[in-house]
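Here it is: the structure, laid out below.
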Amino acid sequence: LDIIFKLQQEDKQFLFAEPVTDKVAPNYLDVVKQPMDLQTMLIKAERDEYKNYAWVRELFELMVLNALTFNRYHTNFWNEAKRFYKACLTNIFSSLGKAAPPSKYEAAILENLENARKARKMEEDRVREDKTVEKKDLVAGSKVVTVDLPGLREKTPDHPSCLPCHVAKLKPKDAYYCGWMEC
């Protein structure tokens, strides 16, 4: 139980505190086939379903993998799952659960973190401005021109309209023929 209480203390944003519902994340159960959370882990610990720390670590890593898989790279939830994973390995499993080896989910977690790192690098490379080539519009392929716009005015000018406005009352039949005469 101690290790799960420590995990709960490390969950600063309560991301892993209780089961994810359809109300919170509508398609979560379509993406995640084995949901796990700290409340479920605590219930299992109270029922003595864990025989050793390895079982706790396995479900901890499953819980983190679910969060990393469901959330897009580098979003707040994804970043919190990454922080939680690293903090728990450093602060909890290195002291309390020393005998717990990495589970079968560790490779998938590390792969997810590596894919996120590569995606971030690719995005940074894409955004980096290349000074040697002329700038192109990615959609149309036309040359991009820099335009300096005048500053915003404090108050809009009160000019009279440039179009004269006349009110004319016509019968529907006369309005029909007037419309044709103007063409």
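The values are calculated or read from the model by the stated rules, or taken from the named source; none is laboratory data. Because the structure is predicted, anything quoted here is derived from the model rather than measured. Methodologically, a virtual Cβ is constructed for each residue, glycine included, from the backbone with ideal geometry; neighbour enumeration extends over all protein chains shown. Quick note on the areas: whole protein, heavy atoms, side chains included, nothing else; ligands and nucleic acids left out. Shrake-Rupley method; radii C 1.70, N 1.55, O 1.52, S 1.80 Å.
Given the criteria open to solvent by 90 Å² or more (accessible area, probe 1.4 Å) and basic (K, R), does K44 qualify?
It is false that K44 is open to solvent by 90 Å² or more (accessible area, probe 1.4 Å) and basic (K, R).
Please state which of the following conditions K23 fails to meet, knowing it meets all the rest: (1) without any contact (Cβ under 8 Å) to a residue 40 or more places away in the chain; (2) among the basic types (K, R); (3) within 19 Å of A100 (Cβ to Cβ).
(3)
Have a look at A17, A54 and point out the one that is open to solvent by less than 40 Å² (accessible area, probe 1.4 Å) and not in a helix (DSSP H, G or I).
Answer to the selection: A17.
Separate question: Taking the range 29-51 only, how many residues are assigned to a helix (DSSP H, G or I) and either over 12 Å from F16 (Cβ atoms) or aliphatic (A, V, I, L, M) (or both)?
Residues meeting the conditions: 10.
Still on this structure, I have one more. Considering only the range 1-14, state which residues are open to solvent by less than 80 Å² (accessible area, probe 1.4 Å) and either in a loop (DSSP other than H, G, I, E, B) or in contact (Cβ under 8 Å) with a residue 40 or more places away in the chain (or both).
Answer for the range 1-14, where residues must be open to solvent by less than 80 Å² (accessible area, probe 1.4 Å) and either in a loop (DSSP other than H, G, I, E, B) or in contact (Cβ under 8 Å) with a residue 40 or more places away in the chain (or both): I3, I4, L7, E10, D11.
Something else now. I need the full set of residues from the range 57-93 which are of a type outside the set (S, T, N, Q), assigned to a loop (DSSP other than H, G, I, E, B) and either surrounded by 14 or more Cβ atoms within 10 Å (Cβ to Cβ) or touching a residue at least 40 places away in the same chain (Cβ under 8 Å) (or both), in order please.
Passing the criteria: Y73, H74.
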